[in-house]
Amino acid sequence: MIYLLRHGETVWNTLGRFQGQKDSPLTQRGILQVDQMAARLAQEIGGSGTSFDIDVSPLGRALETAARVTLAVPFTAREDVRLKEVTTGCWDGMTLYEIDVEYPGALEGSDAFDWYFRSPDGETFDSACARVERWLSGISTPVIAVSHGLTGRLIRGIYLGLSRREMLELPVPQDGFYRLVHGQVTLIE
């Protein structure tokens, strides 16, 4: 069983700036989102007697989220680089407008779901999926994972056997989380 959480809203989320493997802190709204998710997660698993590992991306926004989650769900968190957000290389930290200005034509023909993998030095779709598959294949006990929007899409997509397009179109809420169990993915709000 996997509970998959995305970090709460960050300053750069509010500015339309794509973080990739760079960072910005959670906003007050993001902190509230995390605290609400943590309370809901505690309800979800409370009293089950099941012990969970907590795997967390080593990026600051995920670590900040995990630290707040462990206040409600007292399990030990450990960093796992395989849960990092997909990097867009030199585009990390930029807005779509900035990318279009600095790399004219690079986004031509892309849409809201596939531009991530057009960066000249970013992570490829295949390498990101391979990283996520290695993480998924190593899970042997119930786990709570704290990750990111795009990486979370890939985790759910690979788990469900979706196509690339279907994976990239999955929603990425910051105020809910997913339960992955028995080949099914359920949004918990």
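The values are calculated or read from the model by the stated rules, or taken from the named source; none is laboratory data. Bear in mind that the values here come from a model prediction, so they are computed numbers and not experimental data. With ideal geometry, Cβ positions are generated from the backbone for all residues, glycine too; neighbour counts draw on all protein chains shown.
Brief remarks on what is shown
- For the stretch 158-172, the tally of residues that are assigned to a loop (DSSP other than H, G, I, E, B) and at negative phi stands at 6.
- Criterion violated by Ile155 - all others in (1) part of a loop (DSSP other than H, G, I, E, B); (2) in contact with a Leu (Cβ under 7 Å, 6 or more places away or on another chain) satisfied: (1)
- Figure legend. Inter-residue proximity from the stretch 5-33: first residues aliphatic (A, V, I, L, M), second residues surrounded by fewer than 16 Cβ atoms within 10 Å (Cβ to Cβ), beta-carbon distance below 7 Å, spacing 6+ or different chains. Indicated pairs: Val11/Pro25.
- Pick from the stretch 63-94, criterion β-branched (Val, Ile, Thr) and in contact with a helix residue (DSSP H, G or I) (Cβ under 7 Å, 6 or more places away or on another chain), ranking: surrounded by the most Cβ atoms within 10 Å (Cβ to Cβ): Thr65
- Identity of the residue in the stretch 43-99, part of a helix (DSSP H, G or I), in contact (Cβ under 8 Å) with a residue 40 or more places away in the chain and among the small types (Gly, Ala, Ser), that ends up farthest from Trp115 (Cα to Cα): Ala66
Listed here are the residues, each with its yes/no results for (1) under 18 Å from Gly149 (Cα atoms); (2) touching a Phe, Trp or Tyr at 6+ places or on another chain (Cβ under 8 Å); (3) hydroxyl-bearing (Ser, Thr, Tyr); (4) buried (at least 16 other Cβ atoms within 10 Å of the Cβ).
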| position | (1), (2), (3), (4) |
| --- | --- |
| Gln28 | no, no, no, no |
| Ile31 | yes, no, no, yes |
| Val34 | yes, no, no, yes |
| Ser48 | no, no, yes, no |
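- Residue in the stretch 123-146 that is in a loop (DSSP other than H, G, I, E, B), of a type in the set (Phe, Trp, Tyr) and out of contact with any strand residue (DSSP E or B) (no Cβ under 6 Å at 6 or more places or on another chain) present: no
- Looking only at the stretch 174-189, and only at residues there that are surrounded by fewer than 15 Cβ atoms within 10 Å (Cβ to Cβ) and of a type outside the set (Val, Ile, Thr), the one that is nearest to the chain's Cα centre (by Cα): Leu187
- Filter result for Asp175 (outside any loop (DSSP other than H, G, I, E, B), more than 21 Å from Arg78 (Cβ to Cβ) and not polar (S, T, N, Q)): no
- Meets criteria (modelled with pLDDT under 95, assigned to a helix (DSSP H, G or I) and surrounded by 12 or more Cβ atoms within 10 Å (Cβ to Cβ)) for Phe113: no
- Looking across Ser163, Ser137, Ser127, one residue alone is free of Cβ contacts under 8 Å to residues at least 60 places away in the same chain, among the hydroxyl-bearing types (Ser, Thr, Tyr), within 30 Å of Ile45 (Cβ to Cβ) and surrounded by fewer than 22 Cβ atoms within 10 Å (Cβ to Cβ). It is Ser137.
- Given (1) modelled with pLDDT under 95; (2) under 29 Å from Pro25 (Cβ atoms), index of the condition Gly105 fails: (2)
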